[in-house]
1. Looking at 501, 526, 508, can you tell me which residue is closer than 21 Å to residue 475 by Cβ, assigned to a strand (DSSP E or B), at pLDDT 95 or above and touching a strand residue (DSSP E or B) at 6+ places or on another chain (Cβ under 8 Å)?
2. Touching a residue at least 60 places away in the same chain (Cβ under 8 Å) and more than 32 Å from the chain's Cα centre (by Cα), is that true of residue 71?
3. When you go through (1) surrounded by fewer than 19 Cβ atoms within 10 Å (Cβ to Cβ); (2) at pLDDT 95 or above one by one for residue 374, which number turns out not to apply?
4. (1) within 30 Å of residue 384 (Cβ to Cβ); (2) surrounded by fewer than 16 Cβ atoms within 10 Å (Cβ to Cβ); (3) touching a residue at least 24 places away in the same chain (Cβ under 8 Å): which one isn't true of residue 305, the others all being true?
5. What are the residues in segment 50-73 that are in a loop (DSSP other than H, G, I, E, B), modelled with pLDDT of 90 or more and closer than 22 Å to residue 224 by Cβ, if any?
6. Test residue 500 against the criterion of being closer than 28 Å to residue 421 by Cα and without any contact (Cβ under 8 Å) to a residue 12 or more places away in the chain, and give yes or no.
7. Can you name the residue in segment 524-549 that is closer than 16 Å to residue 504 by Cβ and surrounded by fewer than 18 Cβ atoms within 10 Å (Cβ to Cβ) and is also nearest to the chain's Cα centre (by Cα) among such residues?
8. So which residues in segment 83-136 are more than 32 Å from the chain's Cα centre (by Cα) and surrounded by 15 or more Cβ atoms within 10 Å (Cβ to Cβ)?
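The values are calculated or read from the model by the stated rules, or taken from the named source; none is laboratory data. Small disclaimer: the values here were computed from a predicted structure and weren't measured. Positions of Cβ are backbone-derived with ideal geometry, glycine not excepted, and every protein chain shown enters the neighbour counts.
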């Protein structure tokens with residue numbers, strides 16, 4: 001709760017002909033703290049008082065003093081121009097306060113350019129190939145209408161996004177730096193089509209638009225707050241104070257009664273922030289913009305087997321004659337163009353001459369078919385939206401023949417978890433710890449997993465990408481604590497409901513308390529995933545390691561999730577090197 005110093009209030013109140021009592025009343029308004037993003041540290045020119053973030057009452061006093069002492073001729077430099085959201089707050093909370101009339105060219109231009117009448121939170125889907133975007137990304141979209149009331153195409157909206165200042169750091173260094181932080185995070189507002197180009201086209205990521213239930217007054221506050229935040233810089237931490245947290249704080253400033261951030265744990269995952277929107281009943285509707293990959297897959301599924309063969313021929317030679325009616329010709333050419341956009345997304349956006357030369361003949365051939373293209377409206381199945389997935393945290397209790405284990409996973413999905421709302425054929429665990437009790441009444445911690453990522457990219461006739469796996473942490477190897485990393489790379493293949501991966505991998509571990517101190521080994525591994533339904537899956541993994549000793553581990557597991565909150569698993573594990581076989585079961589709770 002805000003408090004105003006009794007020494008400041010009379011002075012400021014007298015200065016502005018504003019009563020001390022009224023000043024004290026607005027000083028304890030929690031909406032003021034939300035406008036300041038208190039108690040977060042802010043850099044730049046966002047605060048008038050250096051301690052305003054930790055002491056919001058001092059920032060309020062500094063604002064009132066600055067309003068009185070700054071000349072009207074200051075224009076954009078006047079505090080009422082620099083902080084339009086704070087000006088709106090004063091008008092609403094201190095209606096008797098006579099604020100001066102100031103001309104604000106920069107703010108007026110911004111407000112006219114945005115012309116927002118609606119707002120949405122946009123979720124850019126998971127992008128595991130870039131560590132900085134592995135959990136997805138959220139940004140704000142300010143929508144507009146034309147003067148006659150028609151909705152303007154969304155590409156002309158304005159995207160407001162937070163991004164960390166990396167100073168040229170690569171993705172891995174960016175994440176590691178963001179874990180230990182702090183880096184500074186800044187706000188920018190650019191046309192929405194740049195965001196579509198960056199995420200939807202360049203990185204082939206789906207975009208989910210969560211249209212918000214906001215009043216015109218709240219949209220006005222949000223626009224004003226977005227403008228004044230352009231002068232701010234906040235501390236950035238990859239797992240806590242990130243883009244998604246600040247988007248929620250902006251919405252809380254627009255509607256002070258919202259308590260979005262209280263629904264989050266001490267870390268912030270973008271998909272969890274979407275769940276917070278739903279809990280607070282802020283989602284009016286959800287729309288979906290498919291990626292280049294999703295558009296191609298949509299068109300591909302509409303082609304018969306003979307037409308797929310013709311598609312192959314057209315991709316090899318756009319002049320290939322198509323002995324089909326014009327509607328089917330158009331569909332094949334559209335699929336071929338979508339494949340070019342997918343395969344050469346980065347090169348086409350960079351206007352690479354070689355990539356454009358591959359696309360141009362297809363455009364010419366398509367222009368000769370006078371049939372309107374099918375709009376590839378990919379309609380996701382119910383329950384697959386990001387906010388509808390299971391909870392990112394998981395508590396597990398497992399029982400094996402010789403031991404019982406309690407497990408806590410902080411984030412966020414593995415291959416056997418329910419599929420809805422999460423990326424297909426991708427798993428990522430960050431922060432998992434196991435507590436074990438053996439039949440000899442011994443307690444220990446057999447595993448602390450810092451990071452575990454699996455990316456399966458099935459190969460097909462239209463493209464390929466490597467599948468890979470990486471795990472980092474502490475685990476028990478032959479009853480010895482081992483700190484290290486293991487991983488593998490190879491290829492995956494998909495047929496019906498089966499996904500099979502064949503990889504070559506290696507381990508490197510530091511073995512505590514052993515003479516050799518370390519171990520390195522290489523060998524093959526395989527994985528077979530069978531998705532009977534999104535809630536019933538089976539997984540078999542086999543791993544062999546050679547040098548300096550031989551070891552083979554085979555694990556079978558089947559898991560059923562009757563709801564998004566609970567799942568049951570049965571498993572069987574054989575370790576040939578240790579000559580040990582264990583069967584057991586597990587119960588998992590997602591929250």
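1. 526 is the lone residue from the list that is closer than 21 Å to residue 475 by Cβ, assigned to a strand (DSSP E or B), at pLDDT 95 or above and touching a strand residue (DSSP E or B) at 6+ places or on another chain (Cβ under 8 Å).
2. So residue 71 does not fit the description; no.
3. (2)
4. Going through the list (1) within 30 Å of residue 384 (Cβ to Cβ); (2) surrounded by fewer than 16 Cβ atoms within 10 Å (Cβ to Cβ); (3) touching a residue at least 24 places away in the same chain (Cβ under 8 Å), residue 305 breaks only (3).
5. If the condition is that a residue be in a loop (DSSP other than H, G, I, E, B), modelled with pLDDT of 90 or more and closer than 22 Å to residue 224 by Cβ, then 70 is the only one that fits.
6. Details: closer than 28 Å to residue 421 by Cα: yes; without any contact (Cβ under 8 Å) to a residue 12 or more places away in the chain: no.
It is false that residue 500 is closer than 28 Å to residue 421 by Cα and without any contact (Cβ under 8 Å) to a residue 12 or more places away in the chain.
7. First, pick out the residues of segment 524-549 that are closer than 16 Å to residue 504 by Cβ: 524-527, 541-547.
After this cut, where a residue has to be surrounded by fewer than 18 Cβ atoms within 10 Å (Cβ to Cβ) as well, the list is 524, 526, 542, 546-547.
Working: 524: 33, 526: 29, 542: 31, 546: 38, 547: 40 Å.
Per the criteria, the residue is 526.
8. 87, 90, 93, 94, 97, 102, 104
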